[in-house]
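Remarks on the structure that follows.
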Amino acid sequence: MAKYARIIGTGSFVPTEEHPNDELRKKFGTEVINKNEEATGILTRFYAPADWVTSDLAVAACKKALEDAATSVEEIDLIVLGTDTPDHITPATSVVVQHKLGAKRAGTFDVGCACASFPTGLAIAAGMMCNQPNIKKALVIGVYMMQRLADRENDPMSFYYGDGAGAAVLEASDQPGFISSALSADGSFHECWGIYAGGTKEPATVAAVEQGRTQVRFVTPFPSSVNREGWPQRVREVAKNGNFEIKDIDHIVFTQVRSKTITQVMEDLGLPEEKAIKIMHEFGYMGSACLPVAFDLARKRNLVKSGNLVVFVGSGVGYNQCAVAFRI
């Protein structure tokens, strides 16, 4: 039985319809957008065509990952998809992706940890591959289309949302591979930011739609400590769990939401900032997709190399946090 799950290929997809910050300044004013731009580093974002849905973004990324891994879709035994912008409340978006890809042998499920979904999916898939010898190859996907669920004309928080998808092909292996994970959550923040109508607590009604409660809403700020203190804690935990030193990390991929926070966290960890991969200035905040897209681009740009120790740190509303470590 294999001891590890190894990443053998990655792929990403970002659509081409660009919406730069200057466009948002005309809607929401220079002061608001300049403040967000300075804090986050976000300069632009991209939206999918109007007739696309979340699963379409995921399929596009998966096809590139399969090609990169020299793997046919018929070889995939498992599909794990992370998103908080699903095609439907039910059924799961992963089954739609399975159908569109033609991955008829694959079992599937969705992971709903918001922007922590991709590293959580990596940890789950790696664990399953290491104790179930029938699972030899898996697709782990992070995908995001929050702008479709936002009030883009009136809500300044739509500044953040960019569409995208990333995917990784995992293979059961005797070589590392997956090393360790660390998870954390604090549900006391579950009412800070989300879509609060359309579920069982408040089913969708005409009133809910008219009052905007079926769209994503930022209700109250998270304390800065959630990421500023939580991210370095997750990195230290994943290092302890994996029996490696912080200084041995070659690259860290954080949720691409605020450039200044990444700078502060790298200082806290005592690591040079160039070890942190950043793409928010290029693509905006892509939620569940930002980690796999950033990692794929870093590989394609020859920043991440074979043998590197890479840590993924995802942080999402709720809140959820997850870190995973991989030897590439």
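Here, each number is a calculation from the coordinates, and none is a lab measurement. Note that the structure is a prediction, hence the values are computed from the model and not measured. When we count neighbours, we look across all protein chains shown, and the Cβ atoms used for this are built from the backbone with ideal geometry, even at glycine.
For the chain, calculate the relative contact order in percent as a whole number, restricting contacts to Cα pairs under 8 Å that are 6 or more residues apart.
Contact order relative to length: 27 percent.
What residues qualify as long-range amide H neighbours of ILE79, i.e. H under 5 Å apart, gap of 5 or more or another chain, H built at 1.01 Å from N?
Distant-sequence amide H within range of ILE79: GLY107, THR108, PHE109, LEU139.
List ASP155, ASP163 from most exposed to least, where exposure is judged by having the fewest other Cβ atoms within 10 Å.
In order of increasing Cβ crowding within 10 Å: ASP155, ASP163.
Can you tell me the length gained on complete extension of the stretch ASP186 to LYS26, counting 0.36 nm per residue apart and subtracting the Cα distance?
Additional length available on full extension: 53.9 nm.
Note down the nm distance, to one decimal, between modelled labels 7 Å out along Cα→Cβ at LYS201 and at ASN243.
Here the modelled spin labels are 4.3 nm apart.
Looking at the chain only, what percent of DSSP beta bridges run antiparallel? Nearest 5 please. Numbers along the way, then the final one.
Numbers: 36 of 53 bridges.
Of all bridge pairs located within the chain, approximately 70 percent are antiparallel.
Points 7 angstrom from Cα along the Cβ direction at ASN131 and HIS281: gap in nanometres?
With each label placed 7 Å out from Cα toward Cβ, I get 4.4 nm.
Beyond 21 Å, what share of the Cα-Cα pairs of the range 180-327 is found? Please give it as a whole percent.
Of the Cα pairs, 48 percent sit more than 21 Å apart.
For MET157, project a label point 7 Å along Cα to C-beta. Then give me every residue of the range 281-296 with its amide nitrogen under 16 Å of that point.
Flagged as within label range: 285-288.
Give me the percent of DSSP beta bridges within the range 4-175 that run antiparallel, rounded to the nearest 5.
Taking every DSSP beta bridge within the range 4-175, about 65 percent pair in antiparallel fashion.
Could you pull out the chymotrypsin sites (Phe, Trp or Tyr not before Pro) across the range 232-328 that fall in loop regions by DSSP (anything but H, G, I, E, B) with no more than 12 other Cβ atoms inside 10 Å?
none
Taking 8 Å as the Cα distance limit and 6 or more residues as the minimum spacing, I'd like the relative contact order of the range 4-175 as a percentage. If you can, show how the numbers build up before the last one.
Numbers: 364 pairs, mean separation 60.4, N = 172.
It comes to 35 percent, rounded to a whole number.
When only C-alpha pairs under 8 Å and at least 6 residues apart count, what is the relative contact order of the range 184-328, in percent?
30 percent
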